Amino acid sequence: MPHEKLNNCLKDQVMTSKLTLLAGAFAALLLVGAADDASAKGKKDKATKAAGATAALAALDPDKDGTLDLNEAKTAAGAVFDKLDPDKDGTLDAKELKGRLSKKKLAAADPDKDGTLTKAEYLAEVEARFKAANKDNDGTLDAKELATGKGRKLLRLITP
């Protein structure tokens, strides 16, 4: 009888160890799957951003050379500014900017600190963002540059 209890106890310990190993293996598989999903999502996000940048470039590139120069960006930005200025007072406040600039960025882009941007101030911010996105300093932005974080920040100001 005492041997029977000992055997049952050992069997229980072995079973518990097997279940623990099985649970650990299952958890590891879940983590690998989650990492694969995150990797696939990252690739999908990158592809989505690239496609968005390519579409934006096609819409903003009047000479269809596959790049956006500063004059083209400023022309597009001027049209966006005019659209965002429904009261036609020549300035945009935070409400009219509709989240295109954070409060902090608005304050930085507002040299006279009146809480609004004139068209000249708006275009100066566009130029600064253009230069920041132009990593190769060739004076033009291609779809790859527009798909970067800095390129997407520029697109917020130049697309309707």
Taking T118, is it among the hydroxyl-bearing types (S, T, Y) and closer than 22 Å to A47 by Cα?
no
Are there any pairs, at least 6 apart or on different chains, whose C-beta atoms fall under 7 Å, with the first in segment 140-160 and within 14 Å of D61 (Cα to Cα) and in contact (Cβ under 8 Å) with a residue 40 or more places away in the chain and the second surrounded by fewer than 16 Cβ atoms within 10 Å (Cβ to Cβ) and of a type in the set (A, V, I, L, M), and if so, which?
A143/A50
Filter result (of a type in the set (S, T, N, Q) and over 16 Å from V80 (Cα atoms)) within segment 90-138:
S102, N134, N137
State the number of residues belonging to segment 106-130 that are of a type in the set (K, R) and surrounded by fewer than 15 Cβ atoms within 10 Å (Cβ to Cβ).
1
Which condition number does T54 fail, the rest of (1) outside any loop (DSSP other than H, G, I, E, B); (2) in contact with a strand residue (DSSP E or B) (Cβ under 9 Å, 6 or more places away or on another chain) being met?
(2)
I need the full set of residues from segment 47-64 which are farther than 10 Å from L146 by Cα and crowded, with 16+ Cβ neighbours inside 10 Å, in order please.
L60, D61
For helices (runs of 4 or more DSSP H) lying entirely in segment 58-160, having 1 or more residues that are small (G, A, S) and on the phi > 0 side of the Ramachandran plot picks out none
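The numbers here are math on the coordinates, done by the rules we state, and not lab data. Everything numeric in this text was worked out from a predicted model, so none of it was measured. Ideal geometry is used to build each Cβ from the backbone, glycine not excepted, and the neighbour counts take in all protein chains shown.
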